[in-house]
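Please treat every number below as a calculation from the coordinates, not as lab data. A quick note: this is a predicted structure, and the numbers were derived from the prediction, not measured. All Cβ positions, even for glycine, are placed from backbone atoms using ideal geometry, and neighbour counts span all protein chains on display.
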Amino acid sequence: MAGSTLASRTADAGVAGTAAVERRRPFSPGREAWRRFRRHRLALASVAILAVMVLMVVLGPLVWRVPINDIDFTARLSPPTWTHPFGTDDLGQDLLARMLYGGRISLAVGLAAMLVAISVGVLVGAVAGISRGSVDAGLMWLTDLFLSLPPLPVLLLVIYLFRDKLKDVFGPEVGVFILIVVVIGCFRWMPVARLVRAQFFSIREKEFVEAARALGASTTRQVVRHILPNALGPVIVAGTIDVAAAIIAESTLSFLGLGFPPDIPTWGRLLYDAKDYLDFAPHWALFPGAAIFLAVLTINFIGDGLRDALDPRKVL
Amino acid sequence: MSRYIARRLLIAIPSLLGISVVLFTVLALAPGDPFEELATNPNVPPEVRANLRAKFGLDDPIYIRYVRWLLAMVQGDWGFSFASRVDVDALIWQRLPTTLFVIGSSQLLALAIALPVGVFAATRPYSLFDQIANTLAFVGFSLPTFFTGLLFILVFSIELDWLPFVYRADIQATGWQWYWEHVKQAIMPVAVLGLFQGASWTRYVRSAVLDVIRLDHVTTARAKGLSERVVVVKHVVRNALIPVVTLVALQMPAVFGGAIVTEQIFRIPGIGSLLIASILNNDTPVVMAVTFVFACLVVVFNLVADLLYGWLDPRISYR
C-alpha cells in the first residue's frame with residue numbers, strides 16, 4: 001500500500017493510458033496534454049464557465065445597452081427586478097451594466113499583470129539559470145529580497161506616492177491601469193523566476209542541449225530554441241494562477257478605496273461602494289463578490305488542470 | 001542553539017537593510033515636495049524656501065539622505081505623525097498588539113484546520129473525503145478575504161445578530177464579561193483570516209504527506225507492526241511538516257496583506273487600518289514606518305520558521 005500511492009490521479013491514468021495508446025498511433029505532446037487536461041472534470045467545467053463570463057463581459061455591453069452612469073433616483077437601491085436584473089446602487093445606476101463594464105477592467109488587469117510578472121520572471125530566471133557564479137547569486141538575492149517584502153503594504157505605498165503623478169500624465173483611467181498592472185506584476189515575478197531557474201539547471205545538463213552545444217549553437221540559441229520551450233510547462237501553470245492572484249490584488253486595492261476611481265466600477269470598487277449598505281442592499285455586494293469569486297475559482301481550477309496536463313509529476 | 005540563533009539574526013540584517021533601501025528609493029523617487037505649498041505661497045520668498053530645504057538636507061545627495069534616515073530609524077526616531085499629532089513609534093506600539101493577536105490566533109486556527117484535514121485526506125488519497133476536502137480548499141482560497149468578511153457580517157451580524165461587526169478596544173466591562181466580549185468580537189476577523197490560510201495550508205499538508213507516505217521508512221514502520229496512529233504521527237507528519245514550514249514562511253507576506261483587509265473591514269484598531277487611514281490622510285511618516293514594521297515582521301517570522309525547521313529536522317546542524 002505504501003509504495004502504491006501515485007503522485008496524482010491523472011498521472012496514474014496517463015501511465016495506464018500510454019500503454020494502450022502505444023498500440024495505436026503516437027499522440028503529439030499537445031494532444032497528450034489535452035487528453036490529460038480533459039480528465040480533470042472540474043477544470044473542464046471551469047473552462048466553460050470562464051468562457052461564458054469572458055463572453056458576457058466582452059459582448060454583454062453590446063446587448064445590455066443601459067449606460068453605466070444613468071442616475072435614476074426613483075429606483076435607488078432596488079433589489080433585482082426585470083428592469084434591473086442585478087438591482088441598482090444608491091444612485092439608481094444599473095448594476096448589471098456596471099458589472100459588465102467593470103469586469104472588462106478586472107479581467108484585463110489580471111491578464112496584463114500576469115504578462116508583466118511572467119516576462120520579468122522568465123527573464124530573471126533564464127539569465128540566472130544560464131549564467132553561473134555572481135550573476136546568478138546576485139539575481140537570486142534580489143529575488144529573495146522581493147519575496148520578503150510584504151506585497152500589499154508596499155503596493156499601497158507605491159500607489160500612494162505615485163498615483164497623482166501618473167494621473168496627470170496619462171489621465172485617470174490609463175494612469176491607474178498602468179500603475180496597478182506594473183506594480184502587481186512587479187510583485188509576482190519571483191516564484192516564476194525561481195521556477196525557471198530550477199528548470200534551467202536541470203535542462204541545460206540534458207543530452208539534447210549538450211548536442212546543440214557540440215554542434216556550435218550559441219548560448220542565445222541554446223536558450224531560446226532548446227531550453228526555454230522545455231521549461232515553459234510549469235511557467236504556464238504559474239501564469240494561470242497569477243491571473244487569479246492579480247484579479248484578487250486589484251479587487252483588494254479597489255476595495256480599500258485605493259485602486260480605480262469611483263467612475264470606473266471594477267468589481268472590487270463595486271464592493272467598496274456597497275459595503276456601507278450591506279443591511280438594506282445586500283445584492284449590491286453579493287453580485288460583484290460572487291463574480292470575483294467565480295472568476296478566481298475557475299482560473300485556479302484551470303491552473304490545477306493544466307498542472308496535471310503539463311507537469312504531471314507535481315501534486316501540489 | 002544560541003549561536004545558531006545569533007547567526008540567523010546576523011543573516012537577517014542584510015535583508016532588513018535591503019528592504020530599507022527599497023523603501024527609501026521608492027520614497028525618494030516619488031514626486032512631490034514637502035515644501036510644495038511654500039512655493040505657491042506669495043508671502044514666502046524663494047530664498048526662505050531654499051534655506052529650509054538646505055536646513056532639512058533635502059538638497060543633499062541621495063545616499064547621504066538614506067544614511068541619515070536609517071540612523072534616525074535605528075535610534076528610534078521615527079518621526080511625527082501629521083494627522084494624530086503624536087510620535088510615530090508611540091502610535092505603532094499602541095496598535096501592534098491588536099494586530100499580532102488577530103494574526104496569531106488566525107494562524108493557530110488555520111493550523112488546527114489544515115493539519116488534521118490534510119493528513120486525513122492524504123492517508124486516504126482520492127477517497128470521497130479527499131475530494132470534498134480538496135474542492136473545499138479550492139473554494140476557500142479562491143474566496144477573497146474582503147468578500148468572506150462582508151459575507152460573515154451579512155450572515156452573523158445583520159441576519160442572525162449574533163456577533164458585533166465593529167471591533168472595539170475600549171470595552172466597558174469587567175471580569176469574565178470583558179473576556180467574553182473580546183472573544184466575541186474577535187471571532188469573525190480570526191475566522192476570515194484563519195479559514196483563508198487554512199484552505200491553502202491544507203493543500204500543502206496533503207501534498208507533503210503524500211510525498212512522505214510513499215517512502216521506505218514508512219513501509220518499514222508498518223512492517224514492524226506499529227499502530228497506524230504511531231506511523232502517521234511519528235513517522236509521517238513530522239517529516240511532512242518540514243516542507244510545509246518553508247511554504248508557510250513564504251506565505252507570511254500574503255498573510256499580512258489579508259490582515260490589512262480584515263482590519264479595514266472590521267475596523268480593528270491595528271497597524272493595518274492605521275496604514276490605510278494614514279494613506280488617506282497623506283500622513284507620510286506613518287505610512288513609511290508601518291510599511292517598514294510589516295517588512296520587519298516578515299523577516300521575524302522567517303526567522304521563527306528557520307528555528308522550527310531546525311527543531312523538526314535534527315539533521316540541520318545548529319552550528
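Key figures
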read-out	value
10 Å Cβ neighbours from other chains, averaged over peptide A:248-256	5
Average partner coverage of B:273-279, which counts Cβ from other chains inside 10 Å	3
Under 5 Å, built H, 5+ apart or other chain: amide partners of B:PHE80	B:VAL88
Reciprocal of mean inverse Cα separation for segment B:219-280 (Kirkwood radius, Å)	14.9
Rg/Rg_globular for segment A:173-316, with Rg_globular taken as 2.2 N^0.38 Å and Rg from C-alpha atoms	1.43
Ellipticity estimate at 222 nm from DSSP helix runs (n ≥ 4, -39,500 (n - 2.57)) divided over chain B, nearest 500	-24500 deg cm²/dmol
Partner chain coverage, peptide B:255-268 - average Cβ within 10 angstrom	3
Electrostatic dipole magnitude of segment A:193-267 [Cβ: Lys, Arg +1; Asp, Glu -1; Cα centre; debye, to 20]	440
Kirkwood-based Rg to Rh ratio, chain B, C-alpha trace	1.07
Ordering of B:175-184, B:95-104 by packing [mean C-beta count within 10 Å, highest first]	B:95-104, B:175-184
Folded to 0 to 90 degrees: helix A:151-170 orientation relative to chain A principal axis, Cα	70
Signed unit charges on C-beta, dipole axis of the protein assembly as shown, positive-most listed residue A:VAL122, B:VAL48, B:GLY270	A:VAL122
Centre separation in Å (Cα based) which lies between segment B:235-252 and segment A:246-299	33
Three-way shape label, segment B:169-319, alpha-carbon gyration tensor, a/c 1.5	prolate
Cα-based helix-to-principal-axis angle, A:282-310 vs chain A, degrees rounded to 10	10
Computed over chain A, the ratio Rg/Rh where both radii use C-alpha atoms and Rh is Kirkwood	1.05
At least 30 Å along the helix axis (C-alpha) and Kyte average at least 0.5, DSSP helices within chain B	B:2-29, B:88-123, B:238-266, B:284-312
Principal-axis tilt of helix A:172-186 within chain A, Cα atoms, nearest 10 degrees	30
Partners for B:LYS224 among aspartates and glutamates (Cα-Cα distance below 17 Å; same-chain residues under 8 apart left out)	B:ASP216
CD proxy at 222 nm, helix term only [per DSSP H run n ≥ 4: -39500 (n - 2.57); per residue of chain A; nearest 500]	-23500 deg cm²/dmol
Extreme residue, positive dipole direction of segment B:117-224, given options B:VAL212, B:SER142, B:GLN177 (C-beta unit charges)	B:VAL212
Distance (nanometres) between label positions extended 7 Å along Cα→Cβ at A:ASP90 and A:ARG104	2.7
Cα Rg, Dmax (largest Cα-Cα span) when computed across segment B:74-141, Å	21.2, 60
Kirkwood Rh (inverse of mean 1/r, distinct Cα pairs), the protein assembly as shown, angstrom	27.1
Listed peptides A:35-41, B:285-291 by packing density, highest first (mean Cβ within 10 Å)	B:285-291, A:35-41
Mean separation of Cα contacts under 8 Å, 6 or more apart, over the residue count of segment A:187-244: relative contact order %	47
P(r), alpha carbons of segment B:57-185 - 10 Å bins starting at zero, rounded %	9, 20, 25, 21, 15, 8, 1
Among A:ALA45, A:ALA112, A:ALA231, residue whose mean-square fluctuation peaks in a GNM of chain A (springs only between Cα atoms under 10 Å)	A:ALA45
Cα-centred dipole magnitude for segment B:159-229, charges only on beta-carbon of K, R (+1) and D, E (-1), debye, nearest 20	480
Peptides B:142-148, A:224-230, A:197-203, A:270-276 ordered by average Cβ neighbours within 10 Å, highest first	B:142-148, A:270-276, A:197-203, A:224-230
Segment B:66-138, relative contact order [Cα under 8 Å, separation at least 6], %	12
R0 of 56 Å, Cβ-Cβ distance A:ARG65-B:LEU226: FRET efficiency to nearest 0.05	0.20
Selection from B:VAL298, A:VAL183, B:TRP69, by position along the positive dipole direction of the protein assembly as shown (Cβ)	B:VAL298
Length-normalised contact order of segment B:77-195 in % [C-alpha pairs under 8 Å, at least 6 apart]	32
Gain on full stretching of the segment that runs from B:LEU100 to B:LEU136 - 0.36 nm per residue minus C-alpha separation	10.2 nm
